[in-house]
Amino acid sequence: MTLQEIKAAVLAGQTVHWASTAYAVKYSERGNCFDIVYTPDGNCIGLTWRDGVTMNGKPQEFFVAG
């Protein structure tokens, strides 16, 4: 998935995972940012680096649940 596809899917209410179902992409209205959250313990990293373009993960590793 491209960065734009991931963001659009999350904002549309779909669950987007990275690498496995243990990681989910979430949008934070408070921080106005997208994060990759490790759901078992809540730890997270940004979906992108500080440049807002380079993703923390390869595009082919992201998928929509179901």
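The values are calculated or read from the model by the stated rules, or taken from the named source; none is laboratory data. This is a predicted model, so every value here is computed, not measured. Don't worry about glycine lacking a Cβ; one is built from the backbone with ideal geometry, like all the others, and counts go over all protein chains shown. Areas reflect the complete protein model, heavy atoms only, side chains present, ligands, DNA and RNA absent. Shrake-Rupley method; radii C 1.70, N 1.55, O 1.52, S 1.80 Å.
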* Structure fact -> In the chain the accessible area split gives carbon plus sulfur, as whole percent at 1.4 Å, a share of 51 percent
* Would you mind pulling out the separation of the Cα centroids of region 3-31 and region 34-66, in Å? => 7 Å
* To do: Calculate, for Val53 and Thr21, the FRET efficiency according to 1/(1 + (r/R0)^6) with r their C-beta to C-beta distance and R0 30 Å; round to the nearest 0.05.
  => 0.70
* Averaging sequence separations of C-alpha pairs under 8 Å and six or more residues apart, then dividing by the length of the chain, give the relative contact order as a whole percent. => 34 percent
* Structure fact -> Calculating Rg and Dmax of the Cα atoms in Å from this structure picks out, from [x] 10.7, 31; [y] 14.9, 50; [z] 13.1, 46, entry [x]
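In Å², and per residue, what accessible area does the chain have when probed at 1.4 Å with the other protein chains present? Intermediate results must be reported in sequence, preceding the final value.
Numbers: 4380 Å² over 66 residues.
Dividing the accessible area of the chain by its residue count gives 66 Å².
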* Asked: Counting Lys and Arg as +1 and Asp and Glu as -1, what is the net charge of the other residues whose Cβ lies under 14 Å from the Cβ of Gly42?
  -> -1
